[in-house]
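The values are calculated or read from the model by the stated rules, or taken from the named source; none is laboratory data. Predicted model only: the values in this text are computed from it and were never measured. Every residue, glycine as well, gets a Cβ built from its backbone with ideal geometry; the counts of neighbours run over all protein chains shown. Just the protein is used for accessible areas: all its heavy atoms, side chains included, with ligands, DNA and RNA removed. Shrake-Rupley method; radii C 1.70, N 1.55, O 1.52, S 1.80 Å.
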There are 2 protein chains.
Amino acid sequence: MKKEISNPTMKDVAKEAGVALGTVSKVVNGLPVGDSYRIRVEEAIQKLNYQVNSYAQGLRASKSHTAVLLIPNTEEPFYASLAYHINLALLKQNYHMLLCSTDYDSNAEQEYITMARQHKVDGIIGLTYNPDLVIHENIPFVSIDRCIGSHVPCVSCDNFAGGQLAAEKLADLGCKNVAFLRKGSSISNEPNKRKAGFENGCLARGLQYETKIMGDDEPYEAFEQFLESHIVDGRLSFDGIFCVTDGLAYFVLKMLRKLNQRVPEDVQVIGFDGIHFFRDIDYVCSTIVQPIPDIAKMCVRLLLDETMQEKSSLICLPVTYAYGGTTLKG
Amino acid sequence: MKKEISNPTMKDVAKEAGVALGTVSKVVNGLPVGDSYRIRVEEAIQKLNYQVNSYAQGLRASKSHTAVLLIPNTEEPFYASLAYHINLALLKQNYHMLLCSTDYDSNAEQEYITMARQHKVDGIIGLTYNPDLVIHENIPFVSIDRCIGSHVPCVSCDNFAGGQLAAEKLADLGCKNVAFLRKGSSISNEPNKRKAGFENGCLARGLQYETKIMGDDEPYEAFEQFLESHIVDGRLSFDGIFCVTDGLAYFVLKMLRKLNQRVPEDVQVIGFDGIHFFRDIDYVCSTIVQPIPDIAKMCVRLLLDETMQEKSSLICLPVTYAYGGTTLKG
């Protein structure tokens with residue numbers, strides 16, 4: 001895929017000049033490089049109207065230009081996409097990314113942070129649900145989806161607004177009696193606000209609602225039992241379900257098929273995240289879309305721009321609703 | 001999720017001893033560590049019957065203990081899973097992994113290889129379709145799915161056997177007239193052998209077959225036109241389709257729904273890779289399963305054990321067939 005160069009990067013300059021990325025970096029940073037190379041790079045910079053990135057340039061030369069990404073895994077689609085976009089955003093700034101898949105193992109997370117410090121890594125971007133995580137003050141840390149402390153900036157989507165939007169959409173689409181299903185960590189985190197937002201939206205729009213909250217370790221079958229217990233004369237008493245993630249929605253859709261409930265005719269389902277399979281243009285389900293590329297870029301910006309870190313404790317990026325076949329067409 | 005410790009790792013020892021992973025590593029490698037720690041680690045090693053990994057231990061101390069993974073992205077499920085398992089396998093050997101998402105950009109790939117050399121990275125694992133890729137002889141490189149040269153070991157699944165298995169399965173399940181659909185790079189690579197294996201299997205089992213091969217840049221619609229052109233009186237003339245990946249099968253299944261063909265009653269579909277959505281136990285479709293964790297472990301083993309690199313030019317790991325709802329139950 002070719003991209004239009006509306007916002008040219010160092011890579012574009014390298015391509016245009018026919019030189020290595022490192023050569024462009026040297027020219028931009030005023031390091032020695034052969035005259036013929038310098039001229040080609042300067043011409044390419046002018047031709048593309050490339051803007052030197054001030055926050056990347058402001059870094060001390062002594063840095064390792066390496067950042068660590070702590071993430072549970074790259075198999076679950078939300079994490080996979082986040083890892084990809086953070087990787088791209090770092091590479092764009094000439095930063096290398098050490099990937100540390102944690103598998104939700106608190107000991108491993110703490111080890112990787114210690115490792116990062118020992119290896120003089122410049123910073124850490126972490127998505128972790130470890131309540132006891134110790135962050136060293138001398139290494140910049142940007143947290144995703146969990147506020148760790150006032151000295152650690154946190155980036156997430158606007159989870160509260162997302163929950164609210166889900167309730168409003170279900171109301172707009174004619175639902176009267178809805179359910180919120182959640183499976184996830186019980187420790188304080190930003191995605192937990194989806195519930196509060198949803199309840200708020202339900203109250204504002206006069207929707208009846210019930211919630212079913214489950215821990216990470218509980219089996220999915222409990223949701224099936226919950227749904228089954230709400231079937232009267234073959235018909236589910238809910239006409240709308242908001243699932244805390246598209247992943248949960250995927251399993252709930254399977255359950256609803258098994259329980260002979262038609263989606264979206266009998267019950268409409270909205271997930272959260274905005275997952276596509278195999279880079280399809282269609283979504284897995286109707287969903288509240290997280291702006292994953294923007295979250296990634298914001299994490300990298302916060303990590304590399306020290307002046308921003310002090311100002312920002314929580315940055316919530318806007319979400320949107322997308323139709324994905326499991327709601328009526330609005 | 002707790003795993004049974006049938007083959008304990010350094011991490012298991014650390015957990016058992018209640019010490020950091022680095023402490024176990026020090027004890028195992030004979031580096032100084034406090035006596036109380038050493039005793040705890042040694043007791044844990046004995047209790048778990050942990051086998052010290054000789055090839056990890058044989059590495060020179062001067063190495064950076066960092067490897068690069070070149071992969072197109074972590075969004076497509078096969079790559080996402082491969083990146084995850086390679087990351088785990090490297091971390092298990094106390095190796096850090098620099099992730100370089102290449103987006104199939106040949107220039108970027110070459111840049112990352114140069115970067116790896118400059119940063120004294122110990123080795124590179126690469127999945128790349130760049131025919132002009134220059135590999136430096138002084139840095140170990142393990143290729144996935146493409147034989148780059150006799151000095152570069154290549155790891156893949158047994159693609160030929162997988163194609164053959166798909167043909168045999170379709171024959172066993174009663175198909176008479178089948179199609180092979182492929183979309184992908186035209187440069188020489190291991191997955192291309194799926195076609196040859198499939199044709200071989202069709203000939204051996206007396207199946208009529210047709211093939212439709214498309215380049216990476218061509219639109220999916222061409223497959224829909226191909227399928228539509230084979231519909232006579234509302235019925236597809238193929239009773240079996242083998243798609244080169246589960247990703248392609250996913251789009252073909254959508255097309256078949258649109259064309260009102262029932263799967264598996266009218267036409268059975270087999271993909272390749274063995275993808276699950278959201279870590280579901282069910283597969284996306286009936287499929288030839290690649291042993292992704294084994295491919296990952298083999299790449300890491302080849303990268304870190306210099307004696308193995310010389311011996312192995314191509315290692316093909318066995319595939320299996322798995323039912324995933326798009327074939328009849330055999």
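Annotations
- Residue pairs meeting the criteria (Cβ under 9 Å; at least 6 apart or on separate chains; first farther than 22 Å from A:ALA171 by Cα, in segment A:206-219; second open to solvent by less than 80 Å² (accessible area, probe 1.4 Å) and of a type in the set (D, E, K, R)): A:MET214/A:ARG182; A:MET214/A:LYS183; A:GLY215/A:LYS183; A:ASP216/A:LYS183; A:GLU218/A:LYS183
- Selection from segment A:210-219 of residues that are open to solvent by 70 Å² or more (accessible area, probe 1.4 Å) and in contact with a Phe, Trp or Tyr (Cβ under 9 Å, 6 or more places away or on another chain): A:GLU210, A:ILE213, A:ASP216
- Which listed residue, of A:VAL244, A:VAL269, A:VAL284, A:VAL263, is touching a residue at least 24 places away in the same chain (Cβ under 8 Å), within 14 Å of chain B (Cβ to nearest Cβ) and in contact with a Ser or Thr (Cβ under 9 Å, 6 or more places away or on another chain): A:VAL284
- Residue satisfying all of: in segment B:131-164; within 16 Å of the chain's Cα centre (by Cα), among the small types (Gly, Ala, Ser) and assigned to a strand (DSSP E or B); surrounded by the most Cβ atoms within 10 Å (Cβ to Cβ) among these: B:SER143
- Subset of segment B:178-198 (residues that are in contact with a strand residue (DSSP E or B) (Cβ under 7 Å, 6 or more places away or on another chain) and either within 24 Å of B:ILE231 (Cβ to Cβ) or assigned to a strand (DSSP E or B) (or both)): B:VAL178, B:ALA179, B:PHE180, B:LEU181, B:ARG182, B:LYS183, B:LYS195, B:PHE198
- Evaluated against (1) within 14 Å of chain A (Cβ to nearest Cβ); (2) at pLDDT below 95, B:GLY325 falls short on exactly one condition, (2).
- Residues of segment B:63-87 satisfying the condition of being open to solvent by 10 Å² or more (accessible area, probe 1.4 Å) and closer than 18 Å to A:ALA116 by Cβ: B:SER64, B:HIS65, B:THR66
- Within segment B:228-330, strands (runs of 3 or more DSSP E) holding 1 or more residues that are open to solvent by less than 10 Å² (accessible area, probe 1.4 Å) and aliphatic (A, V, I, L, M): B:240-243, B:268-273, B:287-289
- Residue in segment B:1-32 that is nearest to the other protein chains (Cβ to nearest Cβ), counting only those that are open to solvent by less than 30 Å² (accessible area, probe 1.4 Å) and either modelled with pLDDT under 70 or in a loop (DSSP other than H, G, I, E, B) (or both): B:VAL19
- Across segment B:72-97, the number of residues qualifying as farther than 12 Å from A:ALA83 by Cβ, facing another protein chain (nearest Cβ under 7 Å), in a loop (DSSP other than H, G, I, E, B) and hydroxyl-bearing (Ser, Thr, Tyr) comes to 0.
- Annotation note: Cβ proximity below 9 Å between a residue of segment A:103-119 that is under 10 Å from B:LEU21 (Cβ atoms) and of a type in the set (Gly, Ala, Ser) and a residue that is part of a helix (DSSP H, G or I) and open to solvent by 30 Å² or more (accessible area, probe 1.4 Å) (sequence gap 6+ or interchain) occurs for A:ALA108/B:LYS11.
- Sole residue being under 18 Å from B:ALA171 (Cβ atoms) and either of a type outside the set (Phe, Trp, Tyr) or at pLDDT 95 or above (or both), chosen from B:ASP239, B:ASP233, B:ASP246: B:ASP239
- Condition check for A:LYS169: within 19 Å of A:GLY274 (Cβ to Cβ) and either part of a loop (DSSP other than H, G, I, E, B) or out of contact with any His (no Cβ under 8 Å at 6 or more places or on another chain) (or both): yes
- Selection of segment A:47-60 for residues being at pLDDT 80 or above and open to solvent by 40 Å² or more (accessible area, probe 1.4 Å) yields only A:LYS47.
- Of the residues making up segment B:166-178, not a single one is of a type outside the set (S, T, N, Q), more than 30 Å from B:PRO219 (Cα to Cα) and open to solvent by less than 10 Å² (accessible area, probe 1.4 Å).
- Any hit, segment A:292-309, residues being closer than 30 Å to A:ASP122 by Cα, of a type outside the set (A, V, I, L, M, F, W, C), in contact with a strand residue (DSSP E or B) (Cβ under 9 Å, 6 or more places away or on another chain) and without any contact (Cβ under 8 Å) to a residue 24 or more places away in the chain: yes
- When B:ARG301 is tested against (1) touching a Ser or Thr at 6+ places or on another chain (Cβ under 8 Å); (2) of a type outside the set (A, V, I, L, M, F, W, C); (3) not assigned by TED's automatic domain parsing to the domain that holds B:GLY234, only condition (1) is not met.
- Flag for B:CYS202 being assigned by TED's automatic domain parsing to the domain that holds B:ASP103, in contact (Cβ under 8 Å) with a residue 24 or more places away in the chain and open to solvent by less than 20 Å² (accessible area, probe 1.4 Å): no
Residue by residue, here is whether (1) at positive phi; (2) in the same structural domain as B:MET298 (by TED's automatic domain parsing); (3) open to solvent by less than 20 Å² (accessible area, probe 1.4 Å); (4) not in a loop (DSSP other than H, G, I, E, B) holds:
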site	(1), (2), (3), (4)
B:LEU99	no, yes, yes, yes
B:ALA108	no, yes, yes, yes
B:GLU111	no, yes, no, yes
B:LYS120	yes, yes, no, no
B:TYR129	no, yes, no, no
